[in-house]
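Worksheet: one structure, shown below.
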Amino acid sequence: MISRRTALTALGAGAAVAGTGVAAVAIASHDKPEPLAPPSTDNQGRVVWRNWSGIQHCYPQSRLAPTSAEGLAQILKTAQAPIRVVGAGHSFTALAVTPGTMISLDQMSGIVGWQGDNAIVQAGTRLGTLGPELAAKGRAMANLPDINKQSLGGALGTGTHGTGKTLTAIHGDVVALTLATPGGDLIDCDATREPDIFQAAKVSLGALGVITKATLRTTPNRRLHRHVWVEPLEQTLAEAESRWAKHRNYEFYAIPFTDMAACISHDETDLPARERANEQDDTILVALKGLRNLLGFSTTLRKAAGKALLSSAKPEEAVDEGWKLLSTDRPERFNEMEFHLPAENQLKALKEVIETIERERPDVFFPIEARRIAPDEAWLSPFQGGPHGSIAVHCHYRDEFAFLFELIQPILLRYGGRPHWGKLHNLQGRALEALYPKWNDFKALRQRLDPEGRMLNLYLKGLFNV
Ligand SMILES: Cc1cc2nc3c(=O)[nH]c(=O)nc-3n(C[C@H](O)[C@H](O)[C@H](O)COP(=O)(O)OP(=O)(O)OC[C@H]3O[C@@H](n4cnc5c(N)ncnc54)[C@H](O)[C@@H]3O)c2cc1C
C-alpha cells in the first residue's frame, strides 16, 4: 500500500512522537505470541495441510495432482470422500479442508488455446503466471485482486475480485468452462450450452465438481498509471463516489485510529514506463502496530501520533503494464472478513465499522479496505443484482478475530451485505438463502450432480444445510 520510503518517513514521525527507540521496544514487548501450529503429521502419519493464514488445517488421507481433465474425471469417480479441490490455499474459511481426498490442479496450468481474444486457461494456473503468458500475446486480464498468488479455479470458486466501478469480478470474464463432475463426466458449458450449469459453476466453491479450464475474455495489455497517496479520511469519504466514477481502478484503505486513509488509483496511460518503488507494505504495518502497542490505551494520543505519522507520507507514482501493478505482495499474514454491499450502502456501513472498531477494539491496527465491483449474473456471485461495494476488515494473524463475527458481521448484514466466499463469516443455510435468489436452484443442481454429497466437507454441509 505504501512504499518503504513512505513508511520509513512515517516511522521517523512515529519516533518523533514516541521518543527514538521506544517504539521498537514497545512493538517487541506487546506482540501476541505465535499461535500454536498443528503437528506436522497425525497419528497415522498423514501430513498436515494448512491455509495461508494458518487458521485452517487438515490431514488428508490422499493428495492427488492429475495432469489431464480425463485423469481428474477418473479420480473424481473413485476417490475417497470428502473430495476437495484446493488452489493456492488462500481462502480463510474451511472450504478446502478434508480428511479424505485433496486434489490440486498445480499440474494443469497454462494457456491451452485461443478463441479470438479469449484465452482458454487451465484452472490450476496461478494468476501471477497468467499475467506474463497473456502479455506475450499483447493481452491482459481486465482486472486483478490485491495479490496474484491464487489459482484461476480458486479465484473463480470464491468470486475473487479487484476494484473498479466498470469491472466485474474475475468470473465475470468467463465465457465458457469445462466442469469435471463427481460422477466423472466432463461438461462443456457457456451461455447457450448447459446455461444453468454455466451460471452455477462460475462461482461454486468446488461444490459442483472441479473446473478444469475456463475461456477468459481478455483486454489489450495497456500501461496503467498508478497513484498512491495518503489524506484525511473525511476527504476520502467525501470524494469516494466521484473517484470510483473517474478512475479505471480506485480503492482506499481507512486507517483506524488515525482519521487518515491511503488511496490507490490506476488509469490507462501512454506515458513511458516508470518503475514502481520497492514497496514494503509491511513496514507501514509495523509502524501502525507499534502505535497500537505503544498508545493503544489512549485513542486521543494514538490519533495524534497516527496523524503525524501519516501526514508526512509522500505520494507515489508508477507506470507499467497492468498485470505488474494491480497486485502486490502481502508478506504479513492476517485473517480477514469481507462483505459486498449494495453500492449505495457502502460508505454508511464503512463509517459504522470504523466507529465500532475505534470504540470497542483498540487492538485493531490493519487498514480497512473499500472497493467497488460491477455486477454479473453468476448464481452465487455476491455481485449479482447491481453494483456492489466491498468492505474488508483484517486482523493480524496473531490477534484475536472473533469480534469480526460478533461486532462487524451484524453491521455489514444490516446494510445488505453478502460475504466473500473465501473470507471469514459464519452464515449458513437460511441466512444465505435470503441473500441469493438462486440459492435453491444451486442446491438442486448440486444435488443432481453430486447426489451422494462426495464433494461436501463438514463446512460445506453447514453452508448448504445438507
Ligand atoms: C493475502 C490475500 C489477499 C487476498 N486478496 C483478495 C482480493 O484482493 N480479492 C478477493 O476477492 N479475494 C482476495 N483474497 C481471497 C482469495 O482470492 C480467495 O480466497 C481465493 O479463493 C483463493 O484462491 P486459491 O487458489 O487459494 O483457492 P483455495 O482457497 O485453495 O480454494 C478456494 C475455493 O475454490 C475451490 N476451487 C479451487 N480450485 C477449483 C477448481 N479448479 N474448480 C472448482 N473449484 C475450485 C476450492 O475447492 C475452494 O472451495 C485474498 C486472500 C489472501 C490470503
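Restricting attention to the range 49-104, close to 20% of DSSP beta bridges with both partner residues there are antiparallel.
Computed from backbone phi, the HN-Hα couplings of the range 394-409 come to 10, 10, 3, 4, 8, 8, 5, 10, 4, 4, 4, 6, 7, 9, 8, 3 Hz, rounded to whole numbers (Karplus: 6.51 cos²θ - 1.76 cosθ + 1.60, θ = phi - 60°; Gly and Pro given as x).
Inter-label distance, ALA402 to TRP114: 5.5 nm, where each label sits 7 Å from its Cα along the C-beta direction.
Across the range 88-101, computed HN-Hα scalar couplings (Karplus, 6.51 cos²θ - 1.76 cosθ + 1.60, θ = phi - 60°) run 8, x, 9, 7, 8, 8, 7, 4, 9, 5, 7, x, x, 10 Hz from first to last residue, x flagging Gly and Pro.
The Cα atoms of the range 238-292 define a convex hull whose projected area, averaged across directions, is 5.1 nm².
For a quick check: sort ARG84, ARG398 by the number of other beta carbons within 10 angstrom, fewest at the front. Don't skip to the answer; put the middle values down first.
Working: ARG84 27, ARG398 15.
Least crowded to most crowded, the residues run ARG398, ARG84.
The distance linking the range 391-453 with the range 342-374 is 18 Å (Cα centroid to Cα centroid, whole angstrom).
The H on the amide N of ALA176, modeled in the peptide plane, is under 5 Å from the matching H of THR215, each at least 5 residues off or on a different chain.
Here the mean projected area of the convex hull built on the C-alpha positions of the range 252-407 is 10.9 nm². Mind scanning LYS149/LYS246; LYS149/LYS423; LYS202/LYS443; LYS324/LYS351 and naming the pairs with a C-alpha gap bigger than 26 Å? With Cα atoms farther than 26 Å apart: LYS149/LYS246; LYS324/LYS351.
Helix-only mean residue ellipticity at 222 nm, the chain, DSSP H runs n ≥ 4 weighted -39,500 (n - 2.57), per residue, nearest 500. What is it?
Numbers: 15 runs with 147 residues, N = 466.
Mean residue ellipticity at 222 nm (helix-derived): -9000 deg cm²/dmol.
From most to least packed by mean Cβ count within 10 Å, the peptides 436-442, 247-253 give 247-253, 436-442. Each of the peptides 415-421, 403-409 was scored by the mean count of other Cβ atoms within 10 Å over its residues; in descending order, highest first, they stand as 415-421, 403-409.
Footprinting exposure proxy ranking of VAL97, VAL121, fewest other C-beta atoms within 10 angstrom first, gives VAL97, VAL121. Entry note: the range 133-220 has Rg to Rh equal to 0.97, where both radii use alpha-carbon atoms and Rh is the Kirkwood radius. Relative contact order of the chain: 20 percent, from C-alpha pairs under 8 Å at least 6 residues apart in sequence. Fewest-first ordering of PHE464, PHE365 by other beta carbons within 10 Å of each residue's beta carbon gives PHE464, PHE365. Under 5 Å from the amide H of ASP31 lies no amide H of any residue 5 or more positions distant or on a separate chain, with H modelled from the backbone and absent for Pro and chain starts. With contacts taken as Cα pairs under 8 Å and at least 6 residues apart, the range 49-104 reaches a relative contact order of 48 percent. Between the amide H of THR168 and those of ALA374, distances stay under 5 Å, these residues lying 5 or more places away or on another chain, with hydrogens modeled in the peptide plane. Remark: C-alpha extents of the range 49-104 on the principal axes read 33, 18, 13 Å, sorted largest to smallest.
For the chain, what does the alpha-carbon gyration tensor say about shape, rounded, prolate or oblate, given a ≥ b ≥ c as the root eigenvalues, a/c under 1.5 as rounded, and a/b over b/c as prolate? Judged from the Cα gyration tensor, the chain comes out prolate (a/c at least 1.5, a/b above b/c). Once both labels are positioned 7 Å from their Cα atoms along Cα-to-Cβ, the gap between ALA304 and VAL466 label points is 5.8 nm.
All of the numbers you see were taken from the coordinates with simple rules; none came from a lab. Remember, it's a predicted structure, so these values are computed and weren't measured experimentally. Note that each Cβ is placed from the backbone with ideal geometry, even for glycine, and that neighbours are counted across all protein chains shown.
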